[in-house]
Amino acid sequence: MLGEGKVRGLLQEGLARSRADQTELVLLSWDGALTRFANNTIHQNVAEHDAQVLIRVAVGRRIGSSVTNRLDGGALERALSQAVQAAAAAPEVPDFPGLPGPAPVRRVVAFDEAAAVASPRWRAEQVEGLLRAARAEGAVAAGALSTGVHEVAVANSRGVFCYHAGTRVNFSTVVRVDDGSGYAERTAWRLEEFDVVELGLQALERARRARRPREVRPGTYPVVLDPYAVQDVVGWLMYAGAGALAVQEGRSWMNGRMGSRVLSERVTLWDDGCDPDGVPLPFDFEGVPKRRVVVVDRGVVRGPVYDTQTAAREGKDSTGHALPRAWPEAASAGPVPGNVFMVPGDAPLDALIRHLDRGLYVTRFWYTRLVHPRDCVVTGMTRDGVFWVEGGEVAYPVRNLRFTQGYVQAMAAVQGVGSETCLLGDRFGVYRVPALSVGEFTFTGVTDF
Amino acid sequence: MDELVARALNAAQLHGARYADVRVVETTRQAVLVRNGAVQAVSWSEDVGFGVRVVADGAWGFASSHRLEREEAERVARLAVEIARASALAKREDVDLGEPVVQRGSYRTPVETDPFGVSLETKLALLLRADEEMRRVRGVTTTEGELVFIRQRKTFASTEGSWITQEIVESGCGIEATAVRDGEVQRRSYPNSVGRHQQTRGWEFVVEQDLVGNAPRVAEEAVALLSADPCPDEVTTLILGGSQVALQVHESCGHAIELDRVFGAEAGFAGTSFLTPDKLGNFRYGSELVNITADATLPGGLGTFGWDDEGVPAQRVDIVREGLFVGYLTDRETARRLLCLLGPSPYVTGRSNGTARASGWNRIPMVRMTNVNLLPGSWKLEDLIADTDRGVFMDTNRSWSIDDRRLNFQFGCEIAWEIRGGRRTRMLRNPIYTGITPEFWRSCDAVCDADHWVLWGTPNCGKGEPLQVGHTGHGAAPARFRNVRVFGKV
């Protein structure tokens, strides 16, 4: 970990060396480790220490960028020079709004000393605790436990400087018993929120109940979705359509639906980068403070999140959701919500199942891909436990199914919302979501397992 | 550099490693992105660091750092051994790498024109011109073009005595046009989707693709798709374009033959495989026309190199021979384990076939695809269409999904045409096909010839935790499959 003082000095030195009209420097550092297990043994166990500076410069309205993970002054100077050369060769960007100026950023504590100093031995002992339990039950466990510290800082030539250090802990496991498998996963920034063995036992119990699955025909069924499956639904709705660039280009599920009740009134979704119940980051990669943005309010589509460029196109202020603009991919993706919350309901998971007369209870979705953006139609598979429910009781496990389903329609058909939420993460963000009961969900294929 | 490597190896041994290797990797990347006539990104990046992998107390440990300093080399080596000792708390058996591998030498991607030597102005002019050609077409709403160039220099050294240096160069390019009308969104891409096509070649690769020449067609097809009929829902004959065959090979064969995956190493994340060891040498994977190789020696592939990241030389191995499943992708550890499990046979040698690859200095090598190829058949595409009375021809991937054992897949393509009476007729939108891997490949009754065969690049293959994005190659030509479920209403 570099620490705020060293980071500030490094970025100030970089700004001082720059010969561009405007300069933005983003520092990302990661000091983390991951212990991976399979077949009831630790088979991969790794650690990484990396830090990089992402540079964006403007020469007039010409923009260039560069990235380096060499942090000495000479390397930074070379990287700055590369960015300026790139800008000099590029045509003007007519709608470049300029770099944002300074604004007050909330200090949010998301650093847990215990998570920061977790040792290889601590991780191995946690994993071995789960593996011991799995062996005793004749089960086979696989998964990963990771801990680490990240630092993010943004400085620009208009006077912005903001810094955040946080910890992150992730755990996921697939436990197999005979032909049944179960799953458990959690994300947090505090170590104390983790009980690896308890989560593993939840997966083991699910696997035991998933043994000897029967076939169910493809079709449209009511479903209860565990939070793991809900995270996929919410994640795609956010990533594929809740950013302003997607809306401005007409490829979002929000287009033509602003202000309309499109989803169930039980669905409220918002993004809040300052909420310690998530994994907070209180500013974006342009150094703009993150605002709390309600994307869907009781089923009504309220609007997307913005960065400075998409906001300027509409005469608005950025909501603080820019990705690092030195990443070429960010130009296509535009701003995205990365700290997403869904309002819980008042029904425990058992009650959601009890209200299901005939339908499916799904643990998680796997390998989901966007088929069509208009209704956020997604295909994917069920995995690690899917069950037939009859008369409000879990009757028997069924074989995995392929689905092809508009996630907009699924969220329009929400009939019940779980009272407990889980914090889960993927490549694009973190999501605190409950279980859901959905009136109709379309399955289009089956497997023999 | 040499001193850093030597120090790391020494430190690992001093702290108790039975085996250690060090990889120093330096990657330079240039990316240029044009969108709607404006330059969105002109980016240059460098990424350097080293990783130390050790076996201590019979278990694996790995640590890595971006700081190329002698003291850091010693710290990282010490940490790798500490991690290995922690791994040993939960080990069932000792790591077995088989016979030592001792290799020395160097390898360099042959390029005609160094892409980093071509001016930025030339690159921007190419993309802006292609973009302009696309935007001339009425009805196009979003256009995008991308160029990517990568140079990776790697040094590998091990306590067994290997010392290898390599320089791999990649060039990638692509354009795409999107059309939106009345809530319908359609996209066409060229030469491939998901951003680009890529090979281990120089600037000459980009020139050959003729982005500007293809731009009007790409844009016109995107607009035409808005008015096209949806692909009908039926079981029919399916002809796939070469890039889609390449992805079909990647997902339903390439991942299924990764031996670490077969042994459960990915069970917690990417999944396992239906191609279990009992099927080796006796399972009919496809029809007799289906011949698949893994070939890291093919010029130009994203899986082409001199040695893998364990120092094992690049090889060509048979995977499927006349439809029969005959080979896995292996690294040193899994090859040894397969030998212990099945004993020696024509399909089992106990030696790695050189597919251990790491995505960078901060990741461990794992079994990855090299160039996994469907070998060419004997058909011309026009003859194949003429020989098809009724069916659908689909091209260019739009979405892909497959289950965690690599059996049940569903792929969407950007475009399709109906085939009636041996002729390509009306255009179809939102075409999707679905199937079960061995049933699908057994239904293959024609593969186009070498004139249609392209070594496609897949620069976005995900596997492992922490995630590693790998670059793989897939030689493929258009092919025909019978009795496939297709649909298009979404």
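Before we move on, is A:GLY241 more than 23 Å from the chain's Cα centre (by Cα) and assigned to a loop (DSSP other than H, G, I, E, B)?
Answer is no for this residue.
State all residues of region A:314-330 that are open to solvent by 10 Å² or more (accessible area, probe 1.4 Å), within 14 Å of chain B (Cβ to nearest Cβ) and not basic (Lys, Arg); if no residue qualifies, say none.
A:LEU323, A:TRP327, A:PRO328, A:GLU329
When you scan region A:84-108, how many residues do you find that are touching a Lys or Arg at 6+ places or on another chain (Cβ under 7 Å) and aliphatic (A, V, I, L, M)?
Residues that pass the stated criteria total 6.
Restricted to region B:399-437, and to residues that are at the interface with chain A (Cβ under 7 Å from one of its Cβ atoms), assigned to a strand (DSSP E or B) and open to solvent by 10 Å² or more (accessible area, probe 1.4 Å), which residue is farthest from A:THR379 (Cα to Cα)?
Taking the candidates together, the pick is B:THR434.
Any chance region A:263-271 includes a residue that's modelled with pLDDT of 95 or more, more than 30 Å from A:PHE387 (Cβ to Cβ), open to solvent by 10 Å² or more (accessible area, probe 1.4 Å) and part of a helix (DSSP H, G or I)?
Within region A:263-271, not a single residue is modelled with pLDDT of 95 or more, more than 30 Å from A:PHE387 (Cβ to Cβ), open to solvent by 10 Å² or more (accessible area, probe 1.4 Å) and part of a helix (DSSP H, G or I).
State whether one or more residues within region B:143-150 are in contact with a helix residue (DSSP H, G or I) (Cβ under 8 Å, 6 or more places away or on another chain), more than 12 Å from every other protein chain (Cβ to nearest Cβ) and more than 22 Å from A:ARG62 (Cα to Cα).
No, every residue in region B:143-150 fails to be in contact with a helix residue (DSSP H, G or I) (Cβ under 8 Å, 6 or more places away or on another chain), more than 12 Å from every other protein chain (Cβ to nearest Cβ) and more than 22 Å from A:ARG62 (Cα to Cα).
Anything in region B:444-490 that is open to solvent by less than 10 Å² (accessible area, probe 1.4 Å), within 30 Å of B:ALA265 (Cβ to Cβ) and among the charged types (D, E, K, R)? List them, or say none.
Correct list: B:LYS463 only.
Taking into account only those residues within region A:19-43 that are touching a Ser or Thr at 6+ places or on another chain (Cβ under 7 Å) and over 17 Å from A:PRO100 (Cβ atoms), which is surrounded by the most Cβ atoms within 10 Å (Cβ to Cβ)?
A:ILE42
May I ask you to list the residues in region B:368-392 that are of a type in the set (D, E, K, R), buried (at least 19 other Cβ atoms within 10 Å of the Cβ) and closer than 20 Å to B:ALA416 by Cβ?
none
Given the options A:VAL300, A:VAL377, A:VAL336, name the one that is within 27 Å of B:ASN460 (Cβ to Cβ), at pLDDT 95 or above and more than 16 Å from the chain's Cα centre (by Cα).
After applying the criteria, what remains is A:VAL377.
Hey, any hits in region B:136-143 for a residue that's part of a strand (DSSP E or B), under 30 Å from B:ASP2 (Cβ atoms) and touching a strand residue (DSSP E or B) at 6+ places or on another chain (Cβ under 6 Å)?
no
Output the number of residues of region B:224-235 satisfying the condition of being open to solvent by 30 Å² or more (accessible area, probe 1.4 Å) and not in a loop (DSSP other than H, G, I, E, B).
6
When the residues of region B:446-490 are filtered to those that are in contact with a Lys or Arg (Cβ under 6 Å, 6 or more places away or on another chain) and away from every other protein chain (no Cβ under 14 Å), which remaining residue is nearest to B:THR434 (Cα to Cα)?
So, considering only residues that are in contact with a Lys or Arg (Cβ under 6 Å, 6 or more places away or on another chain) and away from every other protein chain (no Cβ under 14 Å), the one nearest to B:THR434 (Cα to Cα) is B:ALA446.
Looking at (1) more than 10 Å from every other protein chain (Cβ to nearest Cβ); (2) in a helix (DSSP H, G or I), which is the one condition that is false for B:GLU170?
(2)
Within region A:102-119, identify whether any single residue is on the phi > 0 side of the Ramachandran plot and either without any contact (Cβ under 8 Å) to a residue 60 or more places away in the chain or open to solvent by less than 20 Å² (accessible area, probe 1.4 Å) (or both), and answer yes or no.
no
When you go through (1) within 30 Å of B:ARG151 (Cβ to Cβ); (2) over 21 Å from the mean Cα position of the chain (by Cα); (3) of a type in the set (Val, Ile, Thr) one by one for B:THR330, which number turns out not to apply?
Tallying (1) within 30 Å of B:ARG151 (Cβ to Cβ); (2) over 21 Å from the mean Cα position of the chain (by Cα); (3) of a type in the set (Val, Ile, Thr), B:THR330 fails exactly one: (2).
Can you name the condition, by its number, that A:ALA75 falls short on among (1) closer than 22 Å to A:ARG158 by Cα; (2) in a helix (DSSP H, G or I); (3) within 10 Å of chain B (Cβ to nearest Cβ)?
With (1) closer than 22 Å to A:ARG158 by Cα; (2) in a helix (DSSP H, G or I); (3) within 10 Å of chain B (Cβ to nearest Cβ) applied to A:ALA75, the lone miss is (1).
So A:LEU352 passes all but one of these: (1) in a helix (DSSP H, G or I); (2) within 14 Å of another protein chain (Cβ to nearest Cβ). Which condition number does it fail?
Condition not satisfied by A:LEU352: (2).
Among the candidates B:VAL32, B:VAL102, B:VAL39, which residue alone is in contact (Cβ under 8 Å) with a residue 24 or more places away in the chain and either more than 11 Å from chain A (Cβ to nearest Cβ) or closer than 29 Å to B:ARG336 by Cβ (or both)?
B:VAL102
Count, please, the residues in region B:319-350 that happen to be in contact (Cβ under 8 Å) with a residue 12 or more places away in the chain, more than 21 Å from B:GLY264 (Cβ to Cβ) and open to solvent by 20 Å² or more (accessible area, probe 1.4 Å).
Final tally of qualifying residues: 6.
Taking B:THR472 as the residue in question, decide whether it is within 23 Å of B:ASP404 (Cβ to Cβ), in contact with a helix residue (DSSP H, G or I) (Cβ under 6 Å, 6 or more places away or on another chain) and either not assigned by TED's automatic domain parsing to the domain that holds B:ASP318 or not aliphatic (A, V, I, L, M) (or both).
Judged against the criteria, B:THR472 is not a match.
Please work out if A:GLN231 is open to solvent by 60 Å² or more (accessible area, probe 1.4 Å) and either out of contact with any Phe, Trp or Tyr (no Cβ under 8 Å at 6 or more places or on another chain) or not hydrophobic (A, V, I, L, M, F, W, C) (or both).
no
For B:SER345, all conditions in the list (1) within 27 Å of the chain's Cα centre (by Cα); (2) more than 25 Å from B:ALA476 (Cβ to Cβ) hold save one; what is the number of the exception?
Here B:SER345 meets the rest and fails (1).
Quick one: which of A:GLY259, A:GLY241, A:GLY219 is buried (at least 24 other Cβ atoms within 10 Å of the Cβ) and among the small types (Gly, Ala, Ser)?
Checking each option against the conditions leaves just A:GLY241.
Considering (1) open to solvent by 10 Å² or more (accessible area, probe 1.4 Å); (2) assigned to a loop (DSSP other than H, G, I, E, B), say which one B:ASP278 fails and leave the rest.
(2)
Restricting the search to region A:158-178, which residues are under 16 Å from the mean Cα position of the chain (by Cα) and open to solvent by 10 Å² or more (accessible area, probe 1.4 Å)?
A:ARG168, A:ASN170, A:SER172
Which members of region A:291-315 meet the condition of being free of Cβ contacts under 8 Å to residues at least 40 places away in the same chain and closer than 14 Å to A:PHE96 by Cα?
A:GLY315
Does region B:42-57 hold any residues that are surrounded by fewer than 22 Cβ atoms within 10 Å (Cβ to Cβ) and touching a residue at least 40 places away in the same chain (Cβ under 8 Å), and which are they?
If the condition is that a residue be surrounded by fewer than 22 Cβ atoms within 10 Å (Cβ to Cβ) and touching a residue at least 40 places away in the same chain (Cβ under 8 Å), then B:ASP47, B:VAL48, B:ASP57 are the ones that fit.
The values are calculated or read from the model by the stated rules, or taken from the named source; none is laboratory data. Only a predicted model underlies this, so the values are computations on that prediction, with no experimental measurement involved. With ideal geometry, Cβ positions are generated from the backbone for all residues, glycine too; neighbour counts draw on all protein chains shown. SASA here: full protein model, heavy atoms, side chains in, ligands and nucleic acids out. Shrake-Rupley method; radii C 1.70, N 1.55, O 1.52, S 1.80 Å.
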